[in-house]
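These notes are about the structure you will find just below.
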Amino acid sequence: MSDINDTEFDTAAEAEAHAAEARADSDDLAPLDAMIAERDQWRDRALRAAAEAENVKRRSETQMNDARAYAIQRFARDLLGVADNLERALQAAPKNAEGAEAGLVTGLEMTQKALLTAFETNGLKRVAPEPGEAFDPHLHQAMMEQPSTAVAGGGVIQTLQAGYELFGRTVRPAMVVVAAKGSGGSAAANPYAQAETPGGNVDAKA
């Protein structure tokens, strides 16, 4: 009987010893667990701070672009008349000019190029779609509609007056002639053909 009790005592003592050892190990790992938890917290804070900094950067860039666009928009609109007059002068200039006339035409071309370069540098881009380009109601204004054998319905036939956009915003839409629905033979109609434009509906006769 005594041997049985001694065995039970030894077993209980061993269990207690193991439990004590486990508690000791747990106590030893507690500082490490705390460090890991703190590390995770700081990493989460760093990620949040980086995301917030990126958002602030984007907002600042947007605000700067808006402020810049507002500052030069009215000035740009005033200069559009100058650009239009230069273009009209070049269109009216003789194609085979010689002597003094040739020099005048060259001067007009250089002046126009310099002006358009200044526009581009300040974010003002010229919009003058080529024949056959898709009609874009955000950038183009349909002044009239006519049938065409070369351009699919809803496409641009001719640009009557160039438009301009500033930082992705339309300052003045390009005035264009649009191909009537069903134009261009078997070519598919442009998806913008039914769209509303600043100057009215594309399908409506000007």
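The values are calculated or read from the model by the stated rules, or taken from the named source; none is laboratory data. Only a predicted model underlies this, so the values are computations on that prediction, with no experimental measurement involved. So basically every Cβ, Gly included, is an ideal-geometry build from the backbone, and we count neighbours across all protein chains shown. Accessible surface is based on the protein model in full, side chains and every heavy atom, while ligands, DNA and RNA are left aside. Shrake-Rupley method; radii C 1.70, N 1.55, O 1.52, S 1.80 Å.
Being modelled with pLDDT of 90 or more, open to solvent by 40 Å² or more (accessible area, probe 1.4 Å) and either under 24 Å from Ala69 (Cα atoms) or of a type outside the set (Ser, Thr, Tyr) (or both): is that true of Gly168 here?
No; evaluated as a whole, the condition is false for this residue.
Read through the list (1) among the charged types (D, E, K, R); (2) farther than 29 Å from Phe75 by Cα; (3) surrounded by fewer than 16 Cβ atoms within 10 Å (Cβ to Cβ), then give the number of the only condition that Glu145 fails.
Against the list (1) among the charged types (D, E, K, R); (2) farther than 29 Å from Phe75 by Cα; (3) surrounded by fewer than 16 Cβ atoms within 10 Å (Cβ to Cβ), Glu145 comes up short only on (3).
Taking the options Asp25, Asp66, name whichever one is over 23 Å from Leu116 (Cα atoms), in a helix (DSSP H, G or I), modelled with pLDDT under 85 and among the acidic types (Asp, Glu).
Asp25
Only residues in segment 130-149 that are charged (D, E, K, R) count as the first member; pair them with residues that are modelled with pLDDT of 90 or more, Cβ under 6 angstrom, at least 6 apart or cross-chain, and list the lot.
Qualifying pairs under 6 Å: Glu133/Val156; Glu145/Val178; Glu145/Ala180.
Restricting attention to segment 182-205, does a residue exist that is modelled with pLDDT of 90 or more, aliphatic (A, V, I, L, M) and open to solvent by 30 Å² or more (accessible area, probe 1.4 Å)?
no
On the given criteria, is Thr117 outside any helix (DSSP H, G or I) and open to solvent by 70 Å² or more (accessible area, probe 1.4 Å)?
In short, no.
Among the listed residues Ala71, Ala53, which satisfies the condition of being open to solvent by 50 Å² or more (accessible area, probe 1.4 Å), modelled with pLDDT of 90 or more and part of a helix (DSSP H, G or I)?
Going through Ala71, Ala53 in turn, just one is open to solvent by 50 Å² or more (accessible area, probe 1.4 Å), modelled with pLDDT of 90 or more and part of a helix (DSSP H, G or I): Ala53.
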